[in-house]
1. Given the conditions (1) within 16 Å of DNA strand C (Cβ to nearest atom); (2) part of a helix (DSSP H, G or I), which single one is not true for A:Lys135?
2. Every residue in the range B:78-91 that is over 15 Å from the mean Cα position of the chain (by Cα) and either at pLDDT 95 or above or within 11 Å of DNA strand D (Cβ to nearest atom) (or both), please.
3. Looking at the range A:45-59, which of the residues that are in contact with a strand residue (DSSP E or B) (Cβ under 7 Å, 6 or more places away or on another chain) and more than 16 Å from DNA strand D (Cβ to nearest atom) is nearest to the other protein chains (Cβ to nearest Cβ)?
4. Taking the range A:92-106 as the region of interest, how many residues are assigned to a helix (DSSP H, G or I) and in contact with a Pro (Cβ under 9 Å, 6 or more places away or on another chain)?
5. So which residues in the range B:59-77 are more than 12 Å from DNA strand C (Cβ to nearest atom) and either under 25 Å from B:Asp113 (Cβ atoms) or within 11 Å of the chain's Cα centre (by Cα) (or both)?
6. What pairs come up if the first residue lies in the range B:71-96 and is over 18 Å from B:Asp44 (Cβ atoms), the second is aliphatic (A, V, I, L, M) and open to solvent by 30 Å² or more (accessible area, probe 1.4 Å), and their beta carbons are under 6 Å apart, counting only those six or more places apart or on different chains?
7. Within the range A:45-91, can you find the residues that are surrounded by 13 or more Cβ atoms within 10 Å (Cβ to Cβ), touching a helix residue (DSSP H, G or I) at 6+ places or on another chain (Cβ under 8 Å) and not in a helix (DSSP H, G or I)?
8. Name the residues in the range B:85-134 that are more than 8 Å from every other protein chain (Cβ to nearest Cβ), among the polar types (S, T, N, Q) and farther than 24 Å from B:Leu57 by Cβ, would you?
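The values are calculated or read from the model by the stated rules, or taken from the named source; none is laboratory data. This structure is a prediction, so every number in the text was calculated from the model and none was measured. A quick note on method: Cβ atoms are made from the backbone with ideal geometry, for glycine too, and the neighbour counts reach across all protein chains shown. Side chains are part of the model used for accessible areas, which takes the heavy atoms of the whole protein and leaves out ligands, DNA and RNA. Shrake-Rupley method; radii C 1.70, N 1.55, O 1.52, S 1.80 Å.
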There are 2 protein chains.
Amino acid sequence: MYKRYCKLQVLYYFCGMKKNRSDCPISCSLDVFGDKWSLLIIRDIMLRGKLSYSEFLKSEEKIATNILVNRLNILESENILSKSVSPDNKSKFVYSLTKKGIDLLPIVIEIMDWGAKYNENCPRREIGKKIQVDKSKVISDYLDKLTEEFG
Amino acid sequence: MYKRYCKLQVLYYFCGMKKNRSDCPISCSLDVFGDKWSLLIIRDIMLRGKLSYSEFLKSEEKIATNILVNRLNILESENILSKSVSPDNKSKFVYSLTKKGIDLLPIVIEIMDWGAKYNENCPRREIGKKIQVDKSKVISDYLDKLTEEFG
DNA sequence: TTAAGTTATTGCATTTTGCAAGTTCTGCAA
DNA sequence: TTGCAGAACTTGCAAAATGCAATAACTTAA
């Protein structure tokens, strides 16, 4: 029963919501991931090795289950994530980044760097420190890693 | 009368809303500008030479007046924008980017590049084409320009 | 066929957004 | 000094999105 609902949700997304506010690339991008949750899901899968609904749910920001389902559907509809049955556990789904999703990496890295620079209460972890030393190397290294893993 | 209200809005922002969802720098950044409008205001001032309330209001995405006031207050409270009387027209305010605001440039550029790459209906303008050729040069050129203008 | 793990839905309260209309403020010119 | 026009801001209401807690559906393996 809820599969049908899920498909409806995707359908609504494509039918009703496809109106971009303008043809500005920044505006169009924000139409897709301009909210407080989408890029955190991307972060989890991109930098923290999380792959499944239940793992995303455990993140410290405490996303609600309905919001998570909704965002996963949108990101899948937009071809940023793709969903498949886990090879390890056949009753489980795993999400992977498409090329389009992997290409969000520089945005995520820049946001992380800015956030760490201007928030005293945000400690830089390994990756944050590496970014300070050589940001473009971090990006190209992760790009290779993600391409190997998902691409 | 509305000046007092404006100060109240800022007060509410500082008192009530200062709860970051986590100490992750990405999450903290999104707590500030993770919505569909804030970065469009930044874009207008950063790349389009817009400086005032009435100019922001004219952008093609058609932000509502109450949302615009709210976001300007937040961005000012967060020390991303600063507000002053226009030297040209004393009955007018102009906003300028702080250092913290200028440092959003790489994020904005990366979002623009991604958006142009994955939206056929988003034509690349001059800056979009320059980004394809040499992104880091575009960033450093604009950084110089913005620093001279605002910094 | 049932238990355990995983994913999805629902209903309701709260918050945010969108929209349209109106208000206040400021400087300037008559 | 008054009135006007441009600019900035507020308000009220409807609509949409979010947050929360409880529940339901699905899948596989035993």
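1. (1)
2. Listed by number, the residues that qualify are B:Ser84, B:Val85, B:Ser86, B:Asp88, B:Asn89, B:Lys90, B:Ser91.
3. A:Met46
4. 1
5. If the condition is that a residue be more than 12 Å from DNA strand C (Cβ to nearest atom) and either under 25 Å from B:Asp113 (Cβ atoms) or within 11 Å of the chain's Cα centre (by Cα) (or both), then B:Ser59, B:Glu60, B:Leu72, B:Leu75, B:Glu76 are the ones that fit.
6. B:Ser77/B:Val10
7. A:Lys50, A:Leu51, A:Ser59, A:Glu61, A:Ile63, A:Glu78, A:Ile80, A:Leu81, A:Ser82, A:Lys83
8. Passing the criteria: only B:Gln132.
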